[in-house]
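The structure under discussion appears below in the form of structure tokens.
Readers should treat all values here as calculations from the given coordinates under stated rules, not as data from a laboratory. Computed from a prediction, not measured in an experiment: that's the story for all the values here. Positions of Cβ are generated from backbone atoms using ideal geometry, with glycine treated the same way; all protein chains shown enter the neighbour counts.
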Amino acid sequence: MFDGYTSSELMSIFAMQGFAGLSLFSVFVLMALGLAIIFGQMGVINMAHGEFMILGAYTTYLTSGFFQSYLPGLFGGYFFVAMILAFFICAALGALVEWLMIRHLYHRPLDTLLATWGLSLIMQQAYRSIFGAREVGVDLPEWMMGAIPVTDMVDLPINGVFVMIIALSVAVGVYLLMYRSGYGKKVRAVVQNRPMAEAVGINSAGIDRATFALGCGIAGIAGAAFTMIGSTGPSSGQAYIVDTFLVVVFGGAQSLIGTIVSAFGISQAQSTMEFFLSGSMAKVLTLLVVIGILMIRPEGLMALKVRR
Amino acid sequence: MGTTDTTATRRSDGKGPGFRKSLMTLAASVMLATSVQAATPSTAEVNTTGLAVTDDTVTVGILHSITGTMAISEIGSVQAEKLAIDQINASGGVLGRQIEFVQEDGASDWPTFAEKTRKLLRQDNVAAIFGAWTSASRKAILPVIEQFNGMLYYPTFYEGLEQSPNVVYTGQEATQQILASIDWAVETKGAKTFYLLGSDYIWPRTSNKIARKHIDKLGLKVVGEEYYPLGHTQFNSVINKIKLRKPDVIFASVVGGSNVAFYKQMKAAGVDFTDEKPLLLTISVTEDEIRGIGGENVEGIYASMKYFQSLDNANNKEFVAAFKEAYGDDMVIGDVTQAAYLGPWLWKAAVEKAGSFDIDKIREEFAGIEFDKAPEGYVRIHENHHLWSKTRIGQAQLDGQYKVVYETEELMEPDPFPKGYQ
């Protein structure tokens, strides 16, 4: 398998494969965090998660167009503005959706599944009507393109590094919010025992809305980040949704740490196998391993132990 | 623009098709006996099978996905077909009849294509169907169109291995696209090693099979062959593999959203295609796709197609100008869009040669029908219902257009069942 390669070539390749795995890991973390928050904390399966991501991507597309036309001097920094906008726009839409639809369906998990799936179709067709069926090209500032040459063979893609930084920041932000803030304390209380939390005066309906909005907002940030590495079209969100569910379910529904551990495991397994096997086979094997582990541990890698 | 009425049925009398058919046959034979040849031949004469033809109109069907995941690709084809129909109408129609169309939406769902084909043939009695894009949708249409003896004009370049009496294939089949491009890479670029990369479904797999056979025949080497699921968005591992194997040519048939991810990540990994180390040769990226990928990410890649928007000939200049006038200046025209534009024109030529709208009579006349106003240049229908056409290599430019660097001297013969390549 390694015939004909010098050892320095092999070293470089392993270094770059390691990086490829890490960058896949950060993509998974970004995709899955929003879903994990909503699924884990509220028990709602948001099938429209991918479409919220694409809303973030379209926000980035519009912002880039706006900067090109009106503020060309600041184009290099538009991406940060776009991410913030993407977060708030997606969060606002998320809150609206929660108020209109989700809150009426809390005790009917299968219905939320159907309702959010319907929502995803509506959103896809809305994008198609507004932005056209074709994929749009999002222009990136110069500094975000290309690679940092480390050695002759090893190049680190700048956008890969950038996605990693965003994933890390979002993960830390969510951790602080969930475990170091009053809001997080309330969320955890509602998850562990809703009637008791309500009894001590926590507004559980408000918490639900904020949580759903937060999850959608994070999806928006992910969508903005993915304009660098993927396509932006009405149905591009579908490409991410399966992997996202895989990561969340494998990690254990109610555990954010589990989500991160599972994202790491799946991404490393997949990128290592992709190198030795073909792309499709790597995917098949990854799925088989995940199914096998879920058969032994149906609750996922890390399950929250609560008294029911 | 024509009508977009999707519900109206155009049956003028209340009688069943059987009764009308016999009446028309009778009328037709009377006509022939008296050999009346007016400028506009009578309806009974040109339509003996109960198609939706009146004294001054003929109805055809357009069947593409305008919703769902394939809409992105198929809308260009719809636009081209409507443009061709408008132009034919402006120049006097077909056998003196104006073309009307019924448009149906395949909704990116293969059973829907079959159902809508049935509706177009049985309820609307259309004289021709311009439609389908993916091989899956064509395969869904096939049994229906054969059962009810309709005629489909199919625009996409595809894997071959098919030859239906009820389909005209206006795009290239795999050997036309592939053989010439590999010969070109070997002869002008000195390519010795190839890396085959595609999305995981029938078209890339068949195409790469043909490519591999051809590369073997030339005594050269395939150093990797790899498929990724449709919609795959992470290509870092394969990019590393390519860097390690150092092929002279990456032969790519990645499609859809994966395309965008692949080229963006190649670019980000520090690959500059203008260096041609490795040279990237694709059979799946038209000008349409580049709009989504971004010109800066594909600058320098080569594509093998039969048509590029930048083709420098009078037909094409007229076509591009008319297309932009109809749909806006920012439109781009890819290979399939041009092939879709050929459909109505080839149908018109066949109808006029046969002097009839009858499917069976048209079919007799297909072989040898020529169209010299095609934007791609002269084309001719082969007796296997595919087109003789030239294959061209274009190099992608920063502005998202291709610059044509090579074209075959002769028309390539379509060979849907290539011997020695299966």
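Over all directions, average the projected area of the Cα convex hull of the range A:13-248 and note it in nm².
Working: hull surface 57.1 nm².
Hull-based average projected area comes out at 14.3 nm².
By count of other Cβ within 10 Å, fewest leading, how are A:F19, A:F66, B:F113 ordered? If you can, show how the numbers build up before the last one.
On the way: A:F19 22, A:F66 14, B:F113 29.
Lowest count first: A:F66, A:F19, B:F113.
About the Cα centre of the protein assembly as shown, what is the dipole size in debye to 20, counting +1 per Lys and Arg Cβ and -1 per Asp and Glu Cβ, all else neutral? List each step's numbers first, then the result.
Working: 57 positive and 69 negative charges, 562 e Å.
Approximately 2700 debye in magnitude.
Starting from the Cα gyration tensor of the protein assembly as shown, multiply each eigenvalue by 5, take the square root, and state the resulting semi-axes largest first in whole Å. Intermediate values should be presented prior to the final figure.
Working: eigenvalues 490, 214, 96 Å².
Semi-axis lengths for the protein assembly as shown are 50, 33, 22 Å.
What ranking do A:M281, B:M151 get, fewest neighbouring Cβ atoms within 10 angstrom at the top?
Working: A:M281 15, B:M151 25.
Least crowded to most crowded, the residues run A:M281, B:M151.
Magnitude of the Cβ-charge dipole of chain B, K/R +1 and D/E -1, about the Cα centre, nearest 20 debye?
Values: 42 positive and 54 negative charges, 215 e Å.
Dipole of chain B, to the nearest 20 debye: 1040 debye.
Mind listing the phi-derived Karplus ³J(HN,Hα) values for the range B:42-48, rounded to whole Hz, using 6.51, -1.76 and 1.60 with θ = phi - 60°, and x for any glycine or proline?
After applying 6.51 cos²θ - 1.76 cosθ + 1.60, I find 5, 4, 4, 6, 8, 9, 9 Hz.
Of B:Q123, A:Q124, A:F264, whose Cα points farthest to the positive end of the dipole of the protein assembly as shown (charges on the beta-carbon: +1 Lys, Arg; -1 Asp, Glu; origin at the Cα centre)?
A:F264
If I model a spin label at A:I291 and B:A314 as a point 7 Å from the Cα along the Cα→Cβ vector, what separation in nanometres do I get?
6.3 nm
Per DSSP helix of 4 or more residues, -39500 (n - 2.57); summed, then divided by the residues of chain B. What does that give at 222 nm, rounded to the nearest 500?
Numbers: 14 runs with 174 residues, N = 422.
Calculated mean residue ellipticity at 222 nm is -13000 deg cm²/dmol.
Which value, to two decimals, describes the C-alpha radius of gyration of chain B once divided by 2.2 N^0.38 Å? Before the final figure, lay out the partial values.
Working: Rg = 22.4 Å, N = 422, 2.2 N^0.38 = 21.9 Å.
The value comes to 1.02.
Tell me the angle of helix B:236-245 to the major Cα principal axis of chain B, expressed in degrees between 0 and 90 and rounded to the nearest ten.
60 degrees
Of all the C-alpha pairs in the range B:108-164, what % are more than 19 Å from each other? Walk me through the numbers on the way to the answer.
Details: 310 of 1596 pairs.
So the portion of pairs separated by more than 19 Å is 19 percent.
Counting only helical runs of four or more DSSP H residues, what would the 222 nm mean residue ellipticity of chain A come to if each run contributes -39,500 (n - 2.57) and the total is spread over all its residues? Show your work: numbers first, answer last.
Details: 11 runs with 219 residues, N = 308.
So the helix-based figure for chain A works out to -24500 deg cm²/dmol.
Would you please give the residues with an amide H less than 5 Å from that of B:V94, counting only those at least 5 places away or on a separate chain, with H modeled from the backbone geometry?
Amide H neighbours of B:V94: B:I99.
If you find the alpha carbon centre of the range B:157-176 and of the range B:246-292, how far apart are they in angstrom?
Here the two parts' Cα centres lie 25 Å apart.
Would you mind giving the three semi-axes, in whole Å and largest first, of the ellipsoid equivalent to the range B:69-218 according to its Cα gyration tensor?
Rounded to whole Å, the semi-axes are 34, 18, 14.
Going by Cα centres, the range A:62-134 and the range A:158-216 are how many Å apart?
Between the Cα centres of the range A:62-134 and the range A:158-216 lies a distance of 20 Å.
Could you tell me what percent of the DSSP beta bridges with both partners in chain B are antiparallel, to the nearest 5? Write down the numbers at each step before the final one.
On the way: 16 of 52 bridges.
Within chain B, antiparallel bridges account for around 30 percent of the total.
Lysines near A:K186 by alpha-carbon distance under 23 Å, same-chain residues fewer than 8 away left out - which ones?
Here the lysines satisfying the reach criterion relative to A:K186 are A:K305.
Please report the antiparallel percentage of DSSP beta bridges with both residues in the protein assembly as shown, rounded to the nearest 5.
Details: 20 of 56 bridges.
Antiparallel bridges make up about 35 percent of those DSSP assigns within the protein assembly as shown.
Residue by residue, what Karplus-based ³J(HN,Hα) values in Hz, rounded to whole numbers, does the range A:292-302 have, using 6.51, -1.76 and 1.60 with θ = phi - 60° and x for Gly and Pro?
Result, rounded to whole Hz: x, 5, 5, 5, 7, 10, x, 7, x, 4, 10.
Largest first and in whole Å, give the semi-axes of the range A:232-308's equivalent ellipsoid, each being the square root of 5 times a Cα gyration tensor eigenvalue.
Details: eigenvalues 113, 57, 21 Å².
In descending order, the three semi-axes are 24, 17, 10 Å.
Using the Kirkwood formula over every pair of different C-alpha atoms, what hydrodynamic radius in Å results for the range B:182-340?
Details: mean 1/r = 0.0605 Å⁻¹.
Roughly 16.5 Å, rounded to one decimal.
Nearest 10 degrees, 0 to 90: what angle lies between the long axis of helix B:202-217 and the longest principal axis of chain B (Cα atoms)?
The two axes meet at around 60 degrees.
Hey, can you grab everything whose amide H is under 5 Å from the amide H of A:T232? Only 5+ residues off in sequence or another chain; H modelled, so Pro and N-termini drop out.
Under 5 Å from the amide H of A:T232: A:V136.
Ignore the peptide's own chain and count Cβ atoms of other chains within 10 Å of each Cβ in A:139-152; give me the average, rounded.
On the way: counts 3, 6, 0, 1, 0, 1, 6, 5, 5, 1, 1, 0, 0, 0.
The mean count of partner-chain Cβ atoms within 10 Å per residue comes to 2.
Nearest 10 degrees is fine. How inclined is helix B:314-327 to the longest principal axis of chain B, computing both from alpha carbons?
80 degrees
Which residue, chosen from A:M144, A:C90, A:F66, occupies the Cα position most advanced towards the positive end of the dipole of the protein assembly as shown, where the dipole is computed from +1 (Lys, Arg) and -1 (Asp, Glu) charges on Cβ about the Cα centre?
Positive-most Cα among the choices belongs to A:C90.
Search the structure for amide H atoms under 5 Å from the amide H of B:V404, placed 1.01 Å from N in the peptide plane, and list their residues when 5 or more places away or on another chain.
Those qualifying (amide H under 5 Å, at least 5 residues apart or on another chain) are B:Q395.
What is the sum of charges, Lys and Arg at +1 and Asp and Glu at -1, for the other residues whose Cβ falls under 14 Å from the Cβ of B:T40? Mind showing how you got there, number by number?
Working: positive: B:R97; negative: B:E45, B:D55, B:D56, B:E352.
Charge balance in the 14 Å sphere: -3.
Among B:F323, A:F226, A:F88, which comes first, then next, by fewest other beta-carbon atoms within 10 Å?
Values: B:F323 22, A:F226 28, A:F88 14.
Sorted ascending by nearby Cβ count, the order is A:F88, B:F323, A:F226.
Hey, rough spin-label estimate for B:D329 and B:A90, points 7 angstrom out along Cα→Cβ, what's it come to in nanometres?
1.9 nm
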